[in-house]
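To keep things clear, I will list the structure first and then write my remarks on it.
The values are calculated or read from the model by the stated rules, or taken from the named source; none is laboratory data. As the structure is a prediction and not an experimental result, all values here were calculated from the model. Note: ideal-geometry Cβ built from the backbone for every residue, glycine included; neighbour counts use all protein chains shown. Please note that ligands, DNA and RNA were not included when accessible areas were found on the heavy atoms of the full protein model with its side chains. Shrake-Rupley method; radii C 1.70, N 1.55, O 1.52, S 1.80 Å.
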Amino acid sequence: MNCLTIKDFSYVIDDRMILKQVTLDVPEGACIVITGHNGSGKSTLLKLIHKGHPDIIKNGRSVMLHQNINDNLFCELTIFENFKLLGIDDKSVVEELLGRFKSCPSRYTCVAKLSGGERQRLALYMRLLMRPDLLLLDEFSSALDTQTSRVLMQEMLTLTRQHKITTIIVTHDFDLIQGLECTHFEMDSGHLCQA
């Protein structure tokens, strides 16, 4: 069964063709990587999938992790308060996740006091705990150094496979996807083709 089906989908904004006859079938539990230069249509496609465009067939619930770190968390709240907003109030689960941070922040730490990389990692963990059917990652490692990005990517892939979460990763960082067991597509001027 497919988690996502898109057939000959085009999308226009202000007379400008952003996506051109995009076709994509994503089986449940698959990992898809979409690369391409800035302005090629990658993020637009991800947003339309997440918002549930009527011409896109999505089975199940999606969550999205944005490139802009501050769009992913409430920085004025503590880490635990952010989890509670998602309905996660099991302190032991939160403590276990925080144990993966080198700085070992407390669950009572204000998110604003975390580094950019720590915020992005926290946002990813929170979305994984939501157990979505489809996880959409838009340049999610852009705030991280190369080593941290690779570690987080491997950790994310392990967790999504364990929980059979279908994942679509949008990135322009080719180094990040080297060696990943994911299907690779490239977006070029609104066209999507397998790389």
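Can you confirm whether the stretch 58-80 contains a residue that is part of a loop (DSSP other than H, G, I, E, B), without any contact (Cβ under 8 Å) to a residue 12 or more places away in the chain and not aromatic (F, W, Y)?
Filtering the stretch 58-80 down to residues part of a loop (DSSP other than H, G, I, E, B) leaves 59-61, 66-68, 72-77.
Keeping just the survivors that are without any contact (Cβ under 8 Å) to a residue 12 or more places away in the chain gives 68.
The next check asks that each one be not aromatic (F, W, Y); those that pass are 68.
Taking every residue of the stretch 58-80 in turn, at least one turns out to be part of a loop (DSSP other than H, G, I, E, B), without any contact (Cβ under 8 Å) to a residue 12 or more places away in the chain and not aromatic (F, W, Y).
Would you check which residues across the stretch 158-186 are farther than 21 Å from N68 by Cα and hydrophobic (A, V, I, L, M, F, W, C) and list them?
Of everything in the stretch 158-186, those that are farther than 21 Å from N68 by Cα and hydrophobic (A, V, I, L, M, F, W, C) turn out to be L159, I165, L180, C182, F185.
Evaluate the following for K20: is it over 13 Å from K58 (Cα atoms) and either modelled with pLDDT under 95 or more than 20 Å from the chain's Cα centre (by Cα) (or both)?
Yes: the conditions hold for K20.
Picking from T183, T166, T160, T171, which residue would you name as being more than 18 Å from R121 (Cβ to Cβ) and within 14 Å of the chain's Cα centre (by Cα)?
Criteria check complete, one pass: T166.
Which strands (runs of 3 or more DSSP E) does the stretch 99-195 wholly contain that include 1 or more residues that are touching a Phe, Trp or Tyr at 6+ places or on another chain (Cβ under 6 Å) and surrounded by 17 or more Cβ atoms within 10 Å (Cβ to Cβ)?
191-194
What pairs come out if I take residues in the stretch 146-162 that are of a type outside the set (D, E, K, R) and pair them with residues that are loosely packed, with under 14 Cβ neighbours inside 10 Å whose C-beta lies under 8 Å away, six or more apart or interchain?
T146/D175; L157/E181
Looking at the stretch 21-48 only, could you name the residues that are farther than 23 Å from F174 by Cα and either hydroxyl-bearing (S, T, Y) or outside any loop (DSSP other than H, G, I, E, B) (or both)?
Start the filter on the stretch 21-48 by keeping residues that are farther than 23 Å from F174 by Cα, which leaves 21, 27-28, 48.
Once the filter is applied, which keeps residues that are farther than 23 Å from F174 by Cα and either hydroxyl-bearing (S, T, Y) or outside any loop (DSSP other than H, G, I, E, B) (or both), the stretch 21-48 yields Q21, P27, L48.
Among the listed residues T44, T23, identify the single one that is among the polar types (S, T, N, Q) and open to solvent by less than 60 Å² (accessible area, probe 1.4 Å).
Matching residue, one of T44, T23: T44.
Might you let me know whether the stretch 83-92 holds any residue that is hydroxyl-bearing (S, T, Y) and touching a strand residue (DSSP E or B) at 6+ places or on another chain (Cβ under 9 Å)?
no
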